[in-house]
Amino acid sequence: MKKVGTPEYDLSDKLKYHVSALSTAAKEMALPLNITTHYPRERKRQPDCFRGYMLFDPERCISCFQCSFVCPANAIWMKDAPSGRYYPTVDYGKCIFCHFCIDSCPGGALRTTKIHDVAYKTMDEMFTSTEEMIEPPEIIREDVGVVDYVIDKEDLSLKRTKEKDELIVDVEPSQGVPMVSVCVDRGSCLACKVCDMICESGAVSSVVDEAAMTVKMAIDAEKCTGCGLCVKECSMQILRLVRK
Amino acid sequence: MKMAAETETGKGEVEWEVKIPEKKLKDRLFFENLKAMVIDTQMCSRCLTCVSICPSELIVNEEDIVDFPNYEDKCLDCGACVRVCPRYDYKPKSGLGDYIEFTAGQSKRFKGQDGAMGTEFIFSAIDMGLIDRGLFVDRDEQWRTSVFHVRGKEQLEKLPLGGTKYVFADILPELKKAVMFSKVGVGVVGTPCMVSGVRKLQEEYPVFREKVKLVIGLFCTENFHYNEVSKYLIEKGVDFSKLIKTDIMKGKFVATMTDKEVKFKVSQLTSILPSGCNVCTDFTAVESDVSVGSVGSVAGF
Ligand SMILES: Cc1cc2nc3c(=O)[nH]c(=O)nc-3n(C[C@H](O)[C@H](O)[C@H](O)COP(=O)(O)OP(=O)(O)OC[C@H]3O[C@@H](n4cnc5c(N)ncnc54)[C@H](O)[C@@H]3O)c2cc1C
């Protein structure tokens, strides 16, 4: 068995390590290296796809409920608006910022921001209404600089610049997994045409042929946004979303 | 346009064609046709098949009349109601129909109106794995009917499910829900008009053919509207809070209460006999898989 003892240094090793330790100490005294961001005087630069506070554009919302269905934290409630539409509200007390809602939104009505520091005084305030989501919240900014983390070789260093990071970003809405609605039991179709009436993108068509006494139903896969509105409204539950 | 995409439930269609029925009154909405041909002619049996299939879910059975308030604006004119109405192109049924055998039977484990065979068939089918849901008519303290979905016999201990309530029940609208929920199949017990409604649904729509696996018909001469029959029974001295059983035996309506019995000739109810029952000649529910009733059996069943 080999016994592990204290390492043995000769004089030149000892000198080398001492010099290295002293020079590190001197360097830290003259120019201290710090890896913490001095928030709120400076902010870390976040990537554009940062999962932060969410904004909502009612113009693009088709009330398809996808966001509230997909939310794993049950943080999204759809509320009826005066227009008769249903719009999302977010309970930030529950939201886990996974942004599945944004990814699943077929119209790109929900989008992210780099805002991650909204403060609330009560739990009730965390329940964010649709109106509150349309404009970004009021932010008091004290930051005078931005910090980038730079990874070079094995080391991580900080690069500080005197500029302000834009918190409201313009990112392309996610395409998600392209889905399309199909009918899985044509025989059970009532031809009530609800799918056609509800479709926002004009993908569903129903043409009544009086002479032949038939209704020709069709879903145009190119136009279908996969929002699932027709699937939800079909009273016979014979429509399904499948991958395009 | 892309063609049919594969789904987990089979082929999905992007283009399909649906046949629409012929309108007897041209240029009128389908519901107006139903109203004119069935409801206004007093042929309607309140089987509520139309209520169950209407995609706008706006056909209602209120004040004992099937109606569609504001149908002028709200009817989608799809024709589903006339496609499924057993009385629209009424072909009266009568007699026994085709049968394999008839027999007297009594359940060993359940108590019901007579031999509790209605209950037994549904639970046996659940035990056999033929169906995963059965529909029963339940009642409240005031003998108003409601429909109950059973999925196992443990539910039976808590509920007064068996037993005949001589009041219409919204079975078919619940059947549609059951069909949508069920993974295996659904069993249903109903009066002959409801059985015909189920068969119509099955004839027209594959989803009902596939899912409704057991249709038990009850022998039936008549049924009543709650408001009318309850008023009459109260006048006759029936106390609903004590009522445990209603029956029609040898031409007499028998209301059994915990402390007494009220009996009178059914013929006294003629004035409140629903018009739809007057035209019906199907006593045995000819179209059912199994028909259950007490006529002709010896006492004790
Ligand atoms: C309105 C009506 C009229 C009837 N008329 C006759 C008749 O003239 N002659 C005759 O021999 N038999 C008649 N019956 C059948 C009889 O009363 C018994 O239901 C039958 O014998 C079955 O008895 P059971 O013990 O096997 O059923 P149980 O095991 O007691 O089951 C009874 C079944 O009836 C269902 N049911 C109860 N009330 C209603 C209702 N209002 N609508 C639909 N389903 C209901 C319950 O869901 C249950 O499944 C009638 C039944 C009804 C509902």
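Condition (residue is within 26 Å of B:Val212 (Cβ to Cβ) and in contact with a helix residue (DSSP H, G or I) (Cβ under 9 Å, 6 or more places away or on another chain)) applied to the range A:196-214: is it met by at least one residue? Looking through the range A:196-214, none of the residues is within 26 Å of B:Val212 (Cβ to Cβ) and in contact with a helix residue (DSSP H, G or I) (Cβ under 9 Å, 6 or more places away or on another chain).
Among the strands (runs of 3 or more DSSP E) confined to the range A:89-161, the ones with at least 2 residues that are loosely packed, with under 14 Cβ neighbours inside 10 Å and in contact (Cβ under 8 Å) with a residue 24 or more places away in the chain are located at A:145-152, A:155-161. How about the range A:213-232: which of its residues are at the interface with chain B (Cβ under 9 Å from one of its Cβ atoms) and not in a loop (DSSP other than H, G, I, E, B)? A:Thr214, A:Val215, A:Lys216, A:Met217, A:Ala218, A:Ile219 - these are the residues of the range A:213-232 that are at the interface with chain B (Cβ under 9 Å from one of its Cβ atoms) and not in a loop (DSSP other than H, G, I, E, B). For the range A:41-80, a residue qualifies if it is closer than 19 Å to A:Thr225 by Cα, surrounded by fewer than 18 Cβ atoms within 10 Å (Cβ to Cβ) and within 13 Å of the chain's Cα centre (by Cα), and exactly one does: A:Val70. Determine which member of the set B:Val150, B:Val184, B:Val167 is under 12 Å from the mean Cα position of the chain (by Cα) and away from chain A (no Cβ under 14 Å). That would be B:Val167, the only listed residue that is under 12 Å from the mean Cα position of the chain (by Cα) and away from chain A (no Cβ under 14 Å).
Where strands (runs of 3 or more DSSP E) fall entirely within the range A:1-88, those with at least 2 residues that are touching a residue at least 60 places away in the same chain (Cβ under 8 Å) are at A:42-44, A:54-56. Between B:Ala285, B:Ala255, the distinction of being aliphatic (A, V, I, L, M) and either in a helix (DSSP H, G or I) or more than 15 Å from B:Thr49 (Cβ to Cβ) (or both) belongs to B:Ala255 only.
Restricting B:Asp89, B:Asp114 to those that are buried (at least 20 other Cβ atoms within 10 Å of the Cβ), at negative phi, outside any helix (DSSP H, G or I) and out of contact with any His (no Cβ under 9 Å at 6 or more places or on another chain) reduces the list to B:Asp114. If the condition is being part of a strand (DSSP E or B) and aliphatic (A, V, I, L, M), then the range B:44-66 contributes B:Val60, B:Ile65, B:Val66.
Test B:Val266 against the criterion of being among the aliphatic types (A, V, I, L, M), closer than 30 Å to B:Val179 by Cβ and within 23 Å of the chain's Cα centre (by Cα), and give yes or no. No, not satisfied. Filtering the range A:181-212 to residues that are touching a strand residue (DSSP E or B) at 6+ places or on another chain (Cβ under 6 Å) and at the interface with chain B (Cβ under 9 Å from one of its Cβ atoms) leaves A:Ser181, A:Val182, A:Cys183, A:Val184, A:Arg186, A:Cys189, A:Ala191, A:Lys193, A:Ser206, A:Val208. Of all residues in the range B:209-250, which are under 22 Å from B:Cys44 (Cα atoms) and part of a helix (DSSP H, G or I)? Within the range B:209-250, B:Tyr226, B:Asn227, B:Glu228, B:Val229, B:Ser230 qualify.
Okay, residues lined up against (1) at pLDDT 90 or above; (2) away from the ligand (no atom under 16 Å from the Cβ); (3) in the same structural domain as B:Lys23 (by TED's automatic domain parsing):
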site: B:Val60; (1), (2), (3): yes, yes, yes
site: B:Phe102; (1), (2), (3): no, no, no
site: B:Lys108; (1), (2), (3): no, no, no
site: B:Ile122; (1), (2), (3): yes, no, no
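Can you find even one residue in the range B:201-210 that is within 15 Å of the ligand (Cβ to nearest atom) and surrounded by 14 or more Cβ atoms within 10 Å (Cβ to Cβ)? Checking the range B:201-210: not a single residue is within 15 Å of the ligand (Cβ to nearest atom) and surrounded by 14 or more Cβ atoms within 10 Å (Cβ to Cβ).
Going by what's in this entry, would B:Lys236 be described as touching a strand residue (DSSP E or B) at 6+ places or on another chain (Cβ under 9 Å), more than 15 Å from the ligand (Cβ to nearest atom), within 21 Å of B:Pro274 (Cα to Cα) and away from chain A (no Cβ under 14 Å)? Outline the logic, then answer.
Details: touching a strand residue (DSSP E or B) at 6+ places or on another chain (Cβ under 9 Å): yes; more than 15 Å from the ligand (Cβ to nearest atom): yes; within 21 Å of B:Pro274 (Cα to Cα): yes; away from chain A (no Cβ under 14 Å): yes.
So B:Lys236 passes the test.
The values are calculated or read from the model by the stated rules, or taken from the named source; none is laboratory data. What you are looking at is a predicted structure, and each value in this text was computed from that prediction instead of being measured. Positions of Cβ are backbone-derived with ideal geometry, glycine not excepted, and every protein chain shown enters the neighbour counts.
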